[in-house]
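First up is the structure itself, then whatever we jot down about it.
The values are calculated or read from the model by the stated rules, or taken from the named source; none is laboratory data. None of the values given here were measured: they were computed from a predicted structure. Note that we place each Cβ from the backbone using ideal geometry, even for glycine, and neighbour counts take in every protein chain shown.
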Amino acid sequence: MKGLIQRVSQASVEVEGNTIGAIDQGLLVLLGVEKNDDEARADKLLHRITHYRIFNDDNGKMNRSLLEVGGGLLIVSQFTLVADTRKGLRPGFSGGASAGSGEALYQYFVNTARAAMSPVACGQFGADMKVALTNDGPVTFLLET
């Protein structure tokens, strides 16, 4: 499982012109689910995301987590994160989870996040989404389990 996290001052996601999820300060997570991922990996990734110290403390150092700053979490499914791009000129997606298992783990991840913190917003699995954000820093990290 891969989570591309971006520290944002605001982020939102639209489907067919309607905003379906938005947060102010916090993290935008682009979530990619791979074939062998399971709930244990989802739990591990969510823990890392919510506890990853990438927000500034009083001294301007990245030393505070999402939970410490009380920020929001916007979770957007993105199967292209798991693409194999090591060769050729076209990405390969054979390592990605099937649509059914990918959606189930995505929903598990969102529901687990909502049980652990607030606010949590999300995109729509499998939809053509438009994501807008103001990357704060810019700060972007790829976390993998």
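Summary of computed values
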item: Selection within the range 11-44 - assigned to a loop (DSSP other than H, G, I, E, B) and touching a strand residue (DSSP E or B) at 6+ places or on another chain (Cβ under 8 Å); result: 24, 25, 33, 35
item: Residue in the range 98-110 that is farther than 19 Å from residue 48 by Cα, in contact with a Leu (Cβ under 9 Å, 6 or more places away or on another chain) and modelled with pLDDT of 95 or more present; result: no
item: Residues of the range 45-86 that turn out to be in a strand (DSSP E or B), of a type outside the set (S, T, N, Q) and under 11 Å from the mean Cα position of the chain (by Cα), as a count; result: 4
item: Of all residues in the range 1-54 being free of Cβ contacts under 8 Å to residues at least 40 places away in the same chain and touching a Ser or Thr at 6+ places or on another chain (Cβ under 7 Å), the one that is nearest to residue 128 (Cα to Cα); result: 19
item: Pairs with Cβ under 6 Å, 6+ apart, first in the range 70-92 and more than 20 Å from residue 108 (Cβ to Cβ) and without any contact (Cβ under 8 Å) to a residue 60 or more places away in the chain, second part of a loop (DSSP other than H, G, I, E, B) and of a type in the set (A, V, I, L, M); result: 91/83
item: Set 79, 93, 141: member being among the aromatic types (Phe, Trp, Tyr) and buried (at least 18 other Cβ atoms within 10 Å of the Cβ); result: 79
item: Selection status of residue 125, farther than 13 Å from residue 34 by Cβ and surrounded by 15 or more Cβ atoms within 10 Å (Cβ to Cβ); result: yes
item: Pair list, Cβ < 9 Å and 6+ apart or interchain, from the range 120-145 residues that are under 12 Å from residue 5 (Cα atoms) to residues that are of a type in the set (Phe, Trp, Tyr) and part of a strand (DSSP E or B); result: 136/55; 139/55
item: Residues within the range 50-65 that are within 18 Å of residue 141 (Cα to Cα) and either touching a Gly at 6+ places or on another chain (Cβ under 6 Å) or among the small types (Gly, Ala, Ser) (or both), tallied; result: 1
item: Close pairs from the range 101-115: first touching a residue at least 12 places away in the same chain (Cβ under 8 Å), partner outside any helix (DSSP H, G or I) and among the β-branched types (Val, Ile, Thr), Cβ under 6 Å, at least 6 apart; result: 102/33; 105/33; 110/75; 113/120
item: Test set (1) exposed (fewer than 13 other Cβ atoms within 10 Å of the Cβ); (2) touching a Leu at 6+ places or on another chain (Cβ under 6 Å) - residue 58 fails condition number; result: (2)
